[in-house]
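Here is the structure we will look at.
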Amino acid sequence: MHHFVKGMFASLGIIFAAASSLASNQNTFSEDERAAILSHGPWPPKLTPDPSNRVSGNQTAIAFGRELFRSRFLSASRRHSCITCHNPNRAYADGLALSSGVSKVDRNTISLANLRLNRWFGWDGGSDNLWAQSIRPILDPRELNGSATMVAKRLRNDIPFSRGYKAIFNALPTNHTDEDILVNLGKALAAYQETIVTPRTPFDQFREALANNDNQKANLYPLAAQRGLKIFVGKGKCGLCHQGANFTNGEFDDAGVRYFKPSGGIDKGRFGGIQKLEKSPYTLLGRYNDNPSKVPGVATRHVARSHQNWGQFRVPSLRNVSQTGPYMHDGSLTTLRDVVMHYSSLNEERLHLDGRGLLRSLNLSHQEINDLIAFLETL
Amino acid sequence: MRFLLLFLISGFFTFSSEPVLAAFNCDGLQKATSGQILEKGPYRLVYRTDPETLTVGKFFGLTIGICTTDGSPLPDSLKVDATMPMHSHGMNYRSTVQNIAPGQFTAKGLMMHMAGSWMLQFDVRQGSTSTRIATKLTLK
Ligand SMILES: [Cu+2]
């Protein structure tokens, strides 16, 4: 009897504890917070072919682009390939602070994923489309150090690659100019890279459970991550820039990272990116855009270079972010803890005028820092 | 949609019944809208966004009608911009404005890249004077 009562109290206690933890999970988010959380989905996104690239979505082009991506044939020395820096086993990045091909590059390699969602490419948005961004490393003397002439010559002399090319572009490379060949290879590389999409994550499951008011499923999401999420959409204001399903608004901002290049000089950031666009023959406004009405070119037509673009870099997506360190355009922050510490104690004087009012030192507690990291790890 | 129709009708009357240079019909403009009318100095401005609902990170355009309530001349030109005063930044894009008919303009290439409070600004120019007409928008 005695034991029975004791046992009953004990199990009641467990029930109460379970019930109250359930209640605290359910009521954690206000209506505003809930709306903000739901805005980071759904995932995966619906993707459509790129209208500026006539082989986007073409299976033959995708297979050919995959070969090219792995082949050393695009590098002058035949020693490097896209994979040198965009390693599929490292989330299509290289795990290095600064990337290195023929020689060191001043920037961190961007992990390749969900590229159909980008409006701009590169840390400075120096390209407005994926095929142009795929040509860039072929020509960069520090990366593959090639040229249109070199690539065209090699392609014409390589029977299997020539055949592959013809199957997609309806002519042997001997019938195309060097420049056309370069751009077409960029388009095949783009078709392949568009297929790299990150899978659904614990965050996506949580978001869906929240959307469906399924508390049982929502409770599978760790409490620490839930608390971190609350900071992310709340006082951290992270979601203002890391917005939407891909956790980026696709634009440029100053997150208080130094912009002196490791090799000396200043990284002009977005300012330099717009200058590159103004000079490039490969933008959506140029003759290589396959869409005759140049429809996707609206951003390029209206982009405005201004003083505030100095020191701005593209807001990176946070999908898969636990796999893509080191972080920031110059790889200067090694771990997610470093990043969260950076936001927690920002050098406010370093920030541009336009960053003020938005980014402030968050002065997070030890637990808040851990919570924010726990959240980022679920993306 | 109904707004668009009224807008077109008001435009139609203006141009069919009077010489092209005649002042934009303010009565027509006022009837044409509910809530998107702005007034400052001699100007009454009405605008419609395309698409109707604005979304963070999506480009949009505007159709704008401007009339004067005191018979003073219609504006020669118009500039459209948007800023986020709380964050002290503007848009990353510069809109292009076309004067399609007396008192009627279209603007293209606007994009608000953050959720929160924005000021949509119309700088109306007539001769050497510029008048700023602004309105607050909240983007979720
Ligand atoms: Cu803002």
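The values are calculated or read from the model by the stated rules, or taken from the named source; none is laboratory data. Just so you know, these numbers come straight off a predicted model, no measurement behind them. Don't worry about glycine lacking a Cβ; one is built from the backbone with ideal geometry, like all the others, and counts go over all protein chains shown.
Here are a few things to note about the model shown:
- Looking only at residues in the stretch B:99-109 that are within 14 Å of chain A (Cβ to nearest Cβ) and either within 10 Å of the chain's Cα centre (by Cα) or of a type in the set (Gly, Ala, Ser) (or both), the one that is nearest to A:Cys238 (Cα to Cα) is B:Gly109.
- Identity of the residue in the stretch B:65-89, touching an Asp or Glu at 6+ places or on another chain (Cβ under 8 Å) and at the interface with chain A (Cβ under 8 Å from one of its Cβ atoms), that ends up farthest from the ligand (Cβ to nearest atom): B:Ser88
- Among (1) modelled with pLDDT of 90 or more; (2) among the aliphatic types (A, V, I, L, M); (3) more than 18 Å from the chain's Cα centre (by Cα) - the single one B:Leu62 does not satisfy: (3)
- The single condition among (1) surrounded by fewer than 15 Cβ atoms within 10 Å (Cβ to Cβ); (2) modelled with pLDDT of 95 or more; (3) within 30 Å of A:Ile135 (Cα to Cα) that A:Arg78 does not satisfy is (2).
- Counted as qualifying within the stretch A:98-206 are the helices (runs of 4 or more DSSP H) with 2 or more residues that are within 19 Å of A:Cys85 (Cβ to Cβ) and of a type outside the set (Val, Ile, Thr), namely A:130-139, A:178-193.
- Checking each residue in the stretch A:232-264 for being more than 13 Å from every other protein chain (Cβ to nearest Cβ) and within 22 Å of A:Thr334 (Cα to Cα) picks out A:Phe232, A:Gly236, A:Ala255, A:Gly256, A:Val257, A:Arg258, A:Tyr259, A:Phe260, A:Lys261, A:Pro262, A:Ser263, A:Gly264.
- Among the numbered conditions (1) within 16 Å of the ligand (Cβ to nearest atom); (2) at the interface with chain A (Cβ under 10 Å from one of its Cβ atoms); (3) of a type outside the set (Gly, Ala, Ser); (4) in a strand (DSSP E or B), the only one that B:Met112 does not meet is (4).
- Filter result for B:Val46 (buried (at least 20 other Cβ atoms within 10 Å of the Cβ), within 14 Å of another protein chain (Cβ to nearest Cβ) and assigned to a strand (DSSP E or B)): no
- The stretch A:101-135: number of residues that are over 15 Å from A:Asn53 (Cα atoms) and hydroxyl-bearing (Ser, Thr, Tyr): 3
- Residues in the stretch A:81-98 that are touching a residue at least 40 places away in the same chain (Cβ under 8 Å), surrounded by 20 or more Cβ atoms within 10 Å (Cβ to Cβ) and under 16 Å from the mean Cα position of the chain (by Cα): A:Cys85, A:Ala91, A:Tyr92, A:Ala93.
Residues checked against (1) in contact (Cβ under 8 Å) with a residue 24 or more places away in the chain; (2) over 30 Å from A:Ala188 (Cα atoms); (3) of a type outside the set (Gly, Ala, Ser); (4) not assigned by TED's automatic domain parsing to the domain that holds A:Gly239:
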site: A:Lys276; (1), (2), (3), (4): yes, no, yes, yes
site: A:Tyr288; (1), (2), (3), (4): yes, no, yes, yes
site: A:Thr300; (1), (2), (3), (4): yes, no, yes, yes
site: A:Gln323; (1), (2), (3), (4): yes, no, yes, no
site: A:Tyr327; (1), (2), (3), (4): yes, no, yes, no
site: A:His342; (1), (2), (3), (4): yes, yes, yes, no
site: A:Leu358; (1), (2), (3), (4): yes, yes, yes, no
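- Residues satisfying the criterion are present in the stretch B:125-138 (criterion: in contact with a Ser or Thr (Cβ under 7 Å, 6 or more places away or on another chain), modelled with pLDDT of 90 or more and within 16 Å of the ligand (Cβ to nearest atom)).
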